[in-house]
Protein chains: 4
Amino acid sequence: MKILAITGIRSEYDILFPVLHELRKDNKICIAASGAHLSDQYNNTLKYIVKDKFKVVDLIDSLISTDRLVQRSKGIGLLIQGLSQCVERENPDMLIVVGDREESIAAAIVANYMNKILVHIAGGDPVYGNADDPIRFAVSKLAHLHCCLAKAHAKNLLKIGEEKFRVFFTGNPSYANIKKIPIIKKKVLLKKLKINNPNYIVLIKHPLSSEYEDVYSQMKITLKSLKFFCETFNYKTVCIYPNSDPGSYQIRKAVNEYKNQKWLIKFTTLPRVDFINLIRNTKALIGNSSMGILESPFYKIPAINIGNRQKGRIHAINTEFVPHSINEIIKSLKKACFNKLYLKKIKNLKNPYGDSTAPKKICQAIKKINLKDSKWIIKKNL
Amino acid sequence: MKILAITGIRSEYDILFPVLHELRKDNKICIAASGAHLSDQYNNTLKYIVKDKFKVVDLIDSLISTDRLVQRSKGIGLLIQGLSQCVERENPDMLIVVGDREESIAAAIVANYMNKILVHIAGGDPVYGNADDPIRFAVSKLAHLHCCLAKAHAKNLLKIGEEKFRVFFTGNPSYANIKKIPIIKKKVLLKKLKINNPNYIVLIKHPLSSEYEDVYSQMKITLKSLKFFCETFNYKTVCIYPNSDPGSYQIRKAVNEYKNQKWLIKFTTLPRVDFINLIRNTKALIGNSSMGILESPFYKIPAINIGNRQKGRIHAINTEFVPHSINEIIKSLKKACFNKLYLKKIKNLKNPYGDSTAPKKICQAIKKINLKDSKWIIKKNL
Amino acid sequence: MKILAITGIRSEYDILFPVLHELRKDNKICIAASGAHLSDQYNNTLKYIVKDKFKVVDLIDSLISTDRLVQRSKGIGLLIQGLSQCVERENPDMLIVVGDREESIAAAIVANYMNKILVHIAGGDPVYGNADDPIRFAVSKLAHLHCCLAKAHAKNLLKIGEEKFRVFFTGNPSYANIKKIPIIKKKVLLKKLKINNPNYIVLIKHPLSSEYEDVYSQMKITLKSLKFFCETFNYKTVCIYPNSDPGSYQIRKAVNEYKNQKWLIKFTTLPRVDFINLIRNTKALIGNSSMGILESPFYKIPAINIGNRQKGRIHAINTEFVPHSINEIIKSLKKACFNKLYLKKIKNLKNPYGDSTAPKKICQAIKKINLKDSKWIIKKNL
Amino acid sequence: MKILAITGIRSEYDILFPVLHELRKDNKICIAASGAHLSDQYNNTLKYIVKDKFKVVDLIDSLISTDRLVQRSKGIGLLIQGLSQCVERENPDMLIVVGDREESIAAAIVANYMNKILVHIAGGDPVYGNADDPIRFAVSKLAHLHCCLAKAHAKNLLKIGEEKFRVFFTGNPSYANIKKIPIIKKKVLLKKLKINNPNYIVLIKHPLSSEYEDVYSQMKITLKSLKFFCETFNYKTVCIYPNSDPGSYQIRKAVNEYKNQKWLIKFTTLPRVDFINLIRNTKALIGNSSMGILESPFYKIPAINIGNRQKGRIHAINTEFVPHSINEIIKSLKKACFNKLYLKKIKNLKNPYGDSTAPKKICQAIKKINLKDSKWIIKKNL
């Protein structure tokens, strides 16, 4: 079968990659790359796709250089147009997408009107508060095969009327990838990344659309808390810059105000091998990235989620939710770094997001699709 | 409150109009017009919106002149871009849309990313088989207020996790419009429209995306059945041309092959007053238009739905479902035209789609929205 | 060399085809098809390109279904976006376009910013009054190689500062095509096209942008004149429907008002072989198509150009210019059909648009391009 | 008259502003803002337009976040679509644009097809080598009124066939603006901008499309030269970041490699009053900005143009052209900073780009347009 994957950002490609790698054993894979992958400001991550030796069949620019809310909907308009042209020419048997970003809804719409099967990874996740979240469920109503990261997600899709034969619990495919990445010794890593302190915390914070106006002040609170903690306990903060969503310039602005400060080290993005080893060795993950929910339990590291961005999500016991309060953030940092009982518990946590077999399970689910049986393409909602 | 309505085609505007007319008593209404409204091929129905004295704030072209499947997704791309520009400038408090067409999903996406309330009329309808149908449910997952045409639809939305405070059964707003339209005496109407026979059947047939390849042959079967029936029993068929969906050229082609035939009269579109009086006086409605389900029970006329386009839909006893079979179609035409017991039953039918109070009920539902309460804008799915 | 041709309409493809056919002997040719080629309303002429066995690398929809002036500029926006995606992926050495329509300026812009050579056929033509005309000259200022239809055109390009090494007089490539088309005997043709009269006039009339408001009334004058002439002298008019430009619906509307009239026969488009034989046998060509200027002298038939659409153009003695006046039009029809002296002169006319060697000459000109010499890509205007 | 201005970047708005300010005394002015004006990366310069109290009627995003060549043509596609929607709604009498960037050609195309007058400032400039340059001439072929910065430019337009009544020499309107900007004392300015040395050179360097591959290495040469000069003679370099053209990331990258170096001070953009006073007090302007040609003679400061970006342009004696050679650059820096005879000559230079009366002259030229006389809208090329 010919399968077209659509990807727009590094974080989502990291989930897609192990699936495509497994799929390419038996199928023809091609990729349409868009969004931040094509942006030098976001480190031009197309290069990683090319390095992974996938056939990139179209470059569809969809990231508009603005911090206004209009950025994402206009980007979807562009994606749909470019992708329609691509799908008509390539004529794949199915499209595959991950998650809740622009690429997922654009692919879902194109697949729907062009009579193509849509495989959706990571539906049914009950998170709320961000513009991404309702999109995820809209995509589920348009998708023909659901590969869920958690059992509870699969149940949610059945509840909202998705037919049982379409729904699979497969787990988080990124684990297969993490597992494969060679271990870099901590010393070597610290030297390579010029982090002159083994005690560091990784900070990743993205804007939340429903709190767009407060992005800057919230980031300031986060940074003040980390400054206090790091300077008090001789820690470093390693900050990875935010994604491209509206409000991200506010976050960058807040971060850039702390320049030449010793406790703070910044990266736009890192090569996958460095990034994964950075996380493996961190004392804690802080911010509001979905990594704190979906990946931190695999690493068995403490995760501190600040604010409302991951509200509603199933999580393991290693994730703490705190409000934008300096006291609360510092308290949870202390717990994450110094509470031995808590750290011991984390070592034995139960992970709701499966294990490293997800890519295989997704391939098996896809194999069940019979293009000649119209039950696959015609969705009978409810 | 400032409310922006998005409309793309006459059939959907006829549902929207009575709602907007009611809303404008207390609110500022503006309209973005798109799709077939702007097409001379579809009779340039923008003129009716202008005649109704609404402020049209942007003309967003989205109807591409092609019969390929790619037409609709590319059109959505255009709509989203034009509408994003419009919404940013007009800055309305909410957007309002009807149904399941391109305009509904485009408006839902723009509203979602731009933090605007989306009012959706006609969600929860369990029809399947057409590209429109999953779109309707995707829009529901993005909408903030649901005004349902049938009680069963409202229940469906609750089942798929929509929060109770967002869901209302209001009935079909087009009834208010039909009721208001002055009666034209049959004789006068026949003369005006040059229909020289009081016994006529109205035919409206649209393409079905999941049977795109068979559109032409299916239409031929329909036309052959009607030709036989009309010539045998001295009836006329009044054919209204199809909508703009891919496959519609095939339907037109089939119709145009019967030129200069006395039993067949064709119209692109008709002024609303003529159209409604045409339906009031028809012996039956045939084809696969949603009118056969949603409006025919209000007119209390027999409706024959050919094929799979309205599968799964709740309907009153006046609607018969038949396959693309000449025998079956003729049989159901005979029943609709000559079976007095059936016609008597139809006069007493129970209509699941409410009554002419829908526009008022929709206004009342909208009044419940409190823009300052974040529960309205933040959707907690499930 | 890899050459990408961009084509949007049958009339322009007929000029392009013999060039591409010649070029494909030594080069890799691919085509991006757009506009009316993809529209069922315009007879889906993509099929002819496919039949000619060219590789079509992208279908770029650019024809919006509306009769408003905005249609063409929005179409160019779409073309540029789709073509940019196509050119980046295909990475041709050069782009080739003909004339003055949307495709020419879109290709010129894409070539300019993407550092590709643009070959332009038919620059330097001093016609004015239509939106197309200034576009032709704008394209010339962006093109890197000019293949002119007339010597005077080549001179015009030198006057406006184009460097001499870029400018070639090649003649009209469509003649090579016309020459090759097999002759159908008149009797056979008339039967095939159901034209029951050997005395017929071919009518092709397009809207003129600067007289957009008058399109309908001007067409009525044309039709009234032809009706009078045909009914008086027992002639037929064979009307070919207009192109897709704004105002074309007005022309169609005017034509459609004469239905069931014996003197008038209508075609949307005709297969090339039928069309060329239709012209070969016509008594005269009337309207305002560029055929009346550019091709009629090759056929040696009288051409009557009504109104301002071809003003300023070099022409042979077989072309008469008349205003929108019934008397004048009838007078010129009489001259074209009955004035033997005039008809004899036409048989010996001198054609400024060259002969059937144009495709070869264009190939030779293209061979002069040296991609490694920066003089070709860097235009030194003036 | 209602006049719609289209602007996409600060440098071009600075030329447009004094004209619009003069025009608004007698006309209704509105602005469509696009491109870098809407980008936080380029300092969101829309704020200056708002501060100048113009009515901004649409925000048209056209700056795609990528450094690939495809960025600019795709941006023009977006601009044309958004602008077509805007022009149809606003229905201005004319459009006004400056120069040779995306906005100029987009506006020219929209005006052409929508029968609107286009006023073009800065046509006829014979510069070559950049993608902008042929665009400028293409716009001239589409424009209805030409306001030229230099007499020689006006002559060039006559040579290329523009009708005499359309062509005016008005001079550079930015001078009126510069003149009005209050003087900040050098001491105050240096303090405000934290420049701790009165001897500084301003560096502005943009990518050149025809040398896209060499952008980075060329910038390195420039920076090495300045580093040597500044460190040797105790000077500072004040670097203003480049525009948004493809290749600009390479320039930023090169600049960012010199962080924490004392000789180098960087700004994204500066408020107009600061910027103009910065230039007033600089020892020299270096790089390849058009300021070095078009504005430096008004300031009477030495300008060093490195490389081919301004080739072909008329210039005063204060501008030196040097290749990308460290020796040559240093030599010309010495001349600019230390050669008293040269500096004296500069004080008495003759400026080919007029004086501060340009805005008034442009208004007078626009007043000559008679919308009812079709000679204005119908261009008779040649």
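Where a number appears in this text, it was derived from the coordinates with a stated rule and is not lab data. Just so we're clear, the structure is a prediction, and the values are computed from it rather than from any experiment. As a convention, Cβ positions derive from the backbone with ideal geometry for all residues, glycine included, and neighbour counts pool all protein chains shown.
Considering only D:K186, D:K116, D:K361, the Gaussian network model of chain D with Cα springs below 10 Å gives its largest mean-square fluctuation to D:K186. Hey, with R₀ at 25 Å, roughly what FRET efficiency would A:S217 and B:L371 work out to, going by the Cβ-Cβ distance, to 0.05? Step by step, r from the Cβ atoms, then E = 0.65. Magnitude of the charge dipole for the stretch A:260-347, about its Cα centre and with charges confined to Cβ atoms of Lys, Arg (+1) and Asp, Glu (-1), is about 280 debye. Residue of chain D with the Cβ closest to the rotation axis carrying D onto A, and that distance rounded to whole Å: D:S65, 2. Compared with the dominant Cα axis of chain B, that is its longest principal axis, helix B:326-338 is turned about 90°. Counting Cβ atoms of other protein chains within 10 Å of each Cβ in A:37-50 and taking the mean gives 3. Per-residue packing, averaged as other Cβ atoms within 10 Å, sorts the ranges B:133-143, A:1-11, B:274-284 into the order B:133-143, A:1-11, B:274-284, beginning with the highest. Using a 10 angstrom cutoff on alpha carbons, build the Gaussian network for chain C and name the most mobile of C:L158, C:L294, C:L46. Among C:L158, C:L294, C:L46, the largest mean-square fluctuation in the Gaussian network model of chain C belongs to C:L158.
Look at where the Cα atoms of the stretch D:164-219 and of the stretch A:17-60 average out, and the two centres are 41 Å apart. Karplus-based coupling profile of the stretch C:56-66, in residue order and whole Hz: 8, 8, 7, 9, 10, 5, 9, 9, 8, 7, 7, with θ = phi - 60° in 6.51 cos²θ - 1.76 cosθ + 1.60 and x standing for Gly or Pro.
Across the stretch C:182-196, coupling constants 3J(HN,Hα) worked out from phi with the 6.51/-1.76/1.60 Karplus curve, θ = phi - 60°, read x, 7, 9, 4, 4, 4, 4, 4, 4, 5, 4, 8, 6, 9, 8 Hz, and Gly and Pro carry x. Computed from phi, the 3J(HN,Hα) profile of the stretch D:113-120 under the Karplus parametrisation 6.51, -1.76, 1.60 (θ = phi - 60°) reads 7, 9, 6, 10, 5, 10, 9, 10 Hz, with x in place of Gly and Pro. Mean partner shielding of peptide B:136-148, defined as the number of other chain Cβ atoms within 10 Å of each residue Cβ, is 4. Sorted on the mean count of surrounding Cβ atoms within 10 Å across their residues, most packed first, peptides C:63-72, B:174-183 read C:63-72, B:174-183. Sequence neighbours fewer than 8 away in the same chain don't count; with that in mind, list the aspartates and glutamates whose C-alpha is under 19 Å from D:K368. D:K368 reaches D:E22, D:D26, D:D93, D:E162, D:E163. Label-point spacing for D:V273 across the identical copies (point 7 Å from Cα in the Cβ direction), in nm and ascending order: 5.5, 6.4, 7.9. Close amide-amide hydrogen proximity is noted between A:K28 and A:K2, A:I3, each under 5 Å apart and 5 or more residues distant or on a separate chain (H modeled in the peptide plane; Pro and chain starts excluded).
Pairs from the table (C:K236/C:K345; A:K55/A:K186; B:K266/C:K220; A:K51/A:K347; D:K186/D:K259; A:K191/D:K192) lying more than 28 angstrom apart at Cα are A:K55/A:K186; A:K51/A:K347; A:K191/D:K192. A Förster distance of 25 Å, applied to the separation of the beta-carbon atoms of B:K194 and C:F228, puts the FRET efficiency at 0.35. Rounded to the nearest 20, the Cβ-based charge dipole of chain B about its Cα centre (Lys and Arg +1, Asp and Glu -1) stands at 1700 debye.
Note on chain C: helix-only mean residue ellipticity at 222 nm, from DSSP H runs of 4+ residues weighted -39500 (n - 2.57) and normalised by residue number, equals -12500 deg cm²/dmol. Sequence-distant contacts, meaning Cα pairs under 8 Å at least 6 residues apart, place the relative contact order of the stretch A:185-347 at 24 percent. Between A:K347 and D:K186, the simple spin-label model (points 7 angstrom out along Cα→Cβ) gives 6.9 nm. Amide hydrogen proximity for D:D67: with H placed 1.01 Å from N in the peptide plane, the residues at 5 or more positions away or on another chain lying under 5 Å are A:D40.
Relative to the Cα centre, the charge distribution of the protein assembly as shown, modelled as +1 at Lys and Arg Cβ and -1 at Asp and Glu Cβ, gives a dipole magnitude of about 0 debye. Which of rounded, prolate, oblate describes the stretch D:196-293, given a ≥ b ≥ c as roots of the alpha-carbon gyration tensor eigenvalues and a/c under 1.5 marking rounded, otherwise prolate only if a/b is larger than b/c? Verdict is oblate for the stretch D:196-293. For the segment D:222-231, counting C-beta atoms of other chains within 10 Å of every residue's C-beta and taking the mean gives 0. Take every Cα pair under 8 Å in chain D that's 6+ residues apart, average their separations, divide by the length, and report that relative contact order as a whole percent. Relative contact order of chain D: 17 percent. Once the C-beta distance of B:F338 and C:F267 is scaled by a Förster radius of 41 Å, the resulting FRET efficiency is 0.40 to the nearest 0.05. Amide hydrogen proximity for A:K266: with H placed 1.01 Å from N in the peptide plane, the residues at 5 or more positions away or on another chain lying under 5 Å are A:C239. Reducing the stretch B:225-283 and the stretch D:344-382 to their Cα centroids gives an inter-centroid distance of 61 Å.
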